[in-house]
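Notes follow the structure.
The values are calculated or read from the model by the stated rules, or taken from the named source; none is laboratory data. Keep in mind it's a predicted model, so treat the numbers as computed, not measured. Don't worry about glycine lacking a Cβ; one is built from the backbone with ideal geometry, like all the others, and counts go over all protein chains shown. Please note that ligands, DNA and RNA were not included when accessible areas were found on the heavy atoms of the full protein model with its side chains. Shrake-Rupley method; radii C 1.70, N 1.55, O 1.52, S 1.80 Å.
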Amino acid sequence: AWECTDEYILGGDVPKILEKYRYAEYVGGLDATDDAIVFRLLAFVCDHFGHNGSGGLGTGRTITDLIEFCESNRNQSNCRGLAILLASLLRLNGIKARHVTCLPYEDPFSDCHVVVDCLLPSGKRIMLDPTWRLYLKDKEGEYVSLPRLRELFISDEPFFANSDANHNGESFSNEYYRNYMIKNTFRFARCT
């Protein structure tokens, strides 16, 4: 049997490029034991960088590379770039997180979506979607992980978005997101 394990490299030096985006104001007073840091980092990414599905993400994968790419592209990146940036910032702050590609059934595919799978300091898993400044809860008020989202689709159960969810300032639609993600939760892929 094939076994895969995750290795998270947590912490590190804060890149200088974050200073011009007031990064310290977002994480100040919080540490990696407080779930609130996760939502502040989601806000940090979404407050400064937008989504452009055809905009690419550049060739580098460091925080500095991703931000410099955004800066040269009207402060925008595709969903993969935003998810890699958010996951990298979470890990910088000691939070276990990785970007995950959500794939449709067909292969080759013409469309996919990339989100962040995050282990909150409280121990719960959550899916974060920086394209939509989004996280979800189920009808019991529990955070929704990516596997749980697929279960909600299968059982046709509702999910509820955070109140400030939006796409580049445009309002969030549960129905649109459900239809878009239903086709993109057949398979998941991640870097190893």
>> Running a GNM on the chain with Cα contacts under 10 Å, which residue among Ala97, Ala32, Ala87 ends up with the highest mean-square fluctuation?
In response: Ala32
>> Based on C-alpha coordinates, I'd like the Rg and Dmax of region 131-171, in Å.
In response: 10.8, 31
> Which one is right for this structure if mean projected area of the Cα convex hull in nm² is calculated from it: (i) 15.1; (ii) 17.0; (iii) 11.7?
Replying inline: (iii)
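If one computes P(r) from the Cα atoms of region 146-192, what percent of pairs lie at distances over 18 Å?
37 percent
Beyond 12 Å, what percent of the Cα pairs of region 5-60 remain?
Within region 5-60, distances greater than 12 Å cover 76 percent of Cα pairs.
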> In debye, nearest 20: dipole of the chain around its Cα centre with unit charges on the Cβ of K, R (+) and D, E (-)?
Replying inline: 180 debye
> So for the pair Glu175, Ala43, with labels modelled 7 Å out along Cα→Cβ, what separation do we get in nm?
Replying inline: 3.1 nm
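To one decimal place, what Kirkwood hydrodynamic radius in Å is obtained for region 100-192 from all pairs of distinct Cα atoms?
Computed over Cα pairs of region 100-192, the Kirkwood hydrodynamic radius comes out at 13.6 Å.
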> So which residue, out of Leu128, Leu82, Leu146, gets the largest mean-square fluctuation from a GNM of the chain using Cα contacts under 10 Å as springs?
Replying inline: Leu146
> How about region 71-179: which chymotrypsin sites (Phe, Trp or Tyr not before Pro) there are in a DSSP loop, with at most 15 other Cβ atoms within 10 Å of their Cβ?
Replying inline: Tyr105, Phe109
> Under a no-solvent Debye model with one identical scatterer per Cα of region 33-136, what's log10 I(q)/I(0) at q = 0.19, 0.21 Å⁻¹?
Replying inline: -0.89, -1.05
> Across the chain, where is the longest run that never hits GluC sites (Glu not before Pro) in a DSSP loop with at most 15 other C-beta atoms within 10 Å?
Replying inline: 8-105
>> Suppose accessible area is computed on protein heavy atoms with a 1.4 Å probe; arrange Cys191, Cys112 from highest to lowest.
In response: Cys191, Cys112
> Cα centroids of region 124-192 and region 16-70: how far apart, whole angstrom?
Replying inline: 20 Å
> Put +1 on the Cβ of every Lys and Arg and -1 on every Asp and Glu Cβ in the chain; which of Asn174, Leu42, Ser110 then has its Cα farthest towards the positive end of the dipole?
Replying inline: Ser110
